[in-house]
Amino acid sequence: MPLGEYLAFLSVKRSVNPDTLFQALVSAKEREKVLCGSLSIECRGRIRDEKIFLIMNGSTVVGQFRVSESFLSERGNPLRKFMDCDRIRRYLTRKADAFQSSFIGGLRVGMKHVNLSAKVLEISKSVSVFTRFGNSAVLANALIGDKTGTIKLTLWDAQIGSVSVGDVVQIRDAQAFAFRGEKQLRIGRKGTLSVEQEKAITA
């Protein structure tokens with residue numbers, strides 16, 4: 001993958017303005033390390049006419065790569081030429097599909113960051129289980145539905161007592177997955193489950 005395309009994709013994926021990212025690279029070339037949004041960019045040295053950059057997000061390595069002096073000295077921003085490449089278009093399409101799917105009938109296994117409203121139709125009896133980390137937890141499944149279909153929603157611990165049959169719930173940052181061949185929904189670590197007030201959904 002061309003360097004410009006890689007950096008353009010990185011700016012989109014990390015929600016960093018491409019102009020800001022390019023200027024941060026130029027600045028890091030002189031000052032060794034700069035901050036760029038949630039990223040830190042460090043110049044680790046050089047090999048012939050190429051600078052070696054390391055990009056970190058906290059303690060996580062995002063990428064390490066070489067950038068030629070000629071690339072860094074280009075007029076304007078060379079990343080701009082790659083902002084409409086196929087890789088970025090595919091990524092933005094997948095991201096839009098996940099965030100904009102607000103109906104159960106449109107969910108596909110693997111979709112993340114799902115936001116939707118649905119009515120709680122059933123709640124199974126809760127059971128105690130051991131997670132893969134060895135912790136004890138309480139689990140129940142709620143059957144939720146909207147005008148396009150129904151799906152099981154996995155509820156853990158405090159989530160179980162927070163909803164009742166008949167409630168209309170607002171789900172944020174959920175993920176669609178398959179369990180024993182059945183499509184289900186679970187709330188992400190940063191997701192939320194809340195009960196809507198005075199709002200009806202046909203299910």
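Tabulated data
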| quantity | calculated |
| --- | --- |
| Scope the stretch 30-42; condition of a type in the set (A, V, I, L, M) and either over 30 Å from the mean Cα position of the chain (by Cα) or surrounded by 13 or more Cβ atoms within 10 Å (Cβ to Cβ) (or both); matching residues | Val34, Leu39, Ile41 |
| Flag if Gly45 is small (Gly, Ala, Ser), assigned to a strand (DSSP E or B) and within 21 Å of the chain's Cα centre (by Cα) | no |
| Selection from the stretch 50-73 of residues that are more than 14 Å from Ser40 (Cα to Cα) and in a loop (DSSP other than H, G, I, E, B) | Ser73 |
| Within the stretch 97-203, strands (runs of 3 or more DSSP E) holding 1 or more residues that are at positive phi and at pLDDT 90 or above | 149-156 |
| Out of Asp146, Asp167, Asp157, sole residue that is within 13 Å of Phe103 (Cα to Cα), in contact with a strand residue (DSSP E or B) (Cβ under 8 Å, 6 or more places away or on another chain) and among the acidic types (Asp, Glu) | Asp146 |
| The stretch 23-39, residues that are closer than 21 Å to Gly4 by Cβ and part of a loop (DSSP other than H, G, I, E, B) | Gly37 |
| Condition broken by Ser68, with the remaining ones in (1) under 30 Å from Lys152 (Cβ atoms); (2) in the same structural domain as Phe22 (by TED's automatic domain parsing) satisfied | (1) |
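Here is a yes/no grid of residues against (1) in contact with an Asp or Glu (Cβ under 7 Å, 6 or more places away or on another chain); (2) of a type outside the set (Lys, Arg):
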{"position": "Phe22", "(1), (2)": "no, yes"}
{"position": "Ser40", "(1), (2)": "no, yes"}
{"position": "Arg44", "(1), (2)": "no, no"}
{"position": "Arg87", "(1), (2)": "yes, no"}
{"position": "Tyr91", "(1), (2)": "no, yes"}
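The values are calculated or read from the model by the stated rules, or taken from the named source; none is laboratory data. Note that the coordinates shown come from a computational prediction; the quantities given were computed from them, not determined experimentally. Glycine gets a Cβ as well: all are built from the backbone with ideal geometry, and neighbour counts include every protein chain shown.
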